[in-house]
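Please read the structure below before turning to the comments.
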Amino acid sequence: MLGCGPVIVTSRPASPPPPWFYPNRLELVRYVYFPELTVYYDLHSGMYVYLDGAIWIRRKVLPPRYRRYDLRRSRYVRIRDYRGDQIDQYHKERKDRGRSSLDRKRTRT
């Protein structure tokens, strides 16, 4: 199956993934997180979820302040352990998201 290209399992299989999302194996993923931007992409709804001030916003396109970023070249994290609707709560509970394990060890000592 690796030679067949990307395979994505979502609750909306008719919706193609965005061009920057190319998994190389079968996964059940709802959200993708861009730690440098603090932006999530919801594969289920096709919406970006980002902070605007202290409010989480859901939109089909990112606002102009993100235009200089090429999401195809940006580091992202597949959120494998959460498939609910409240990604803001998930984010709040995991404030160290995007930091390396080395960074976390440094802050503990």
For the pair residue 80 and residue 67, the simple spin-label estimate (label points 7 Å beyond Cα toward Cβ) gives in nm 3.7
HN-Hα couplings for segment 70-79 via Karplus (6.51, -1.76, 1.60; θ = phi - 60°), in whole Hz with x for Gly/Pro, come out as 9, 5, 5, 9, 7, 6, 9, 10, 7, 8
Taking 82-93, 28-39 and ranking on average Cβ neighbours within 10 Å, highest first, one gets 28-39, 82-93
Note: probe point = Cα of residue 88 + 7 Å toward Cβ; backbone nitrogen < 13 Å; residues of segment 38-61 passing the test are 49-59
For segment 26-81, the percent of all C-alpha pairs falling in each 10 Å bin, from 0 up to the bin holding the max distance, is 23, 58, 18, 1
Amide H contacts under 5 Å for residue 44, restricted to residues at least 5 apart in sequence or on another chain and with H modeled in the peptide plane, are none
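A short reminder: the numbers here are calculations on the coordinates, not readings from a lab. What you see is a predicted model, and the numbers here were worked out from it, not measured in a lab. As a convention, Cβ positions derive from the backbone with ideal geometry for all residues, glycine included, and neighbour counts pool all protein chains shown.
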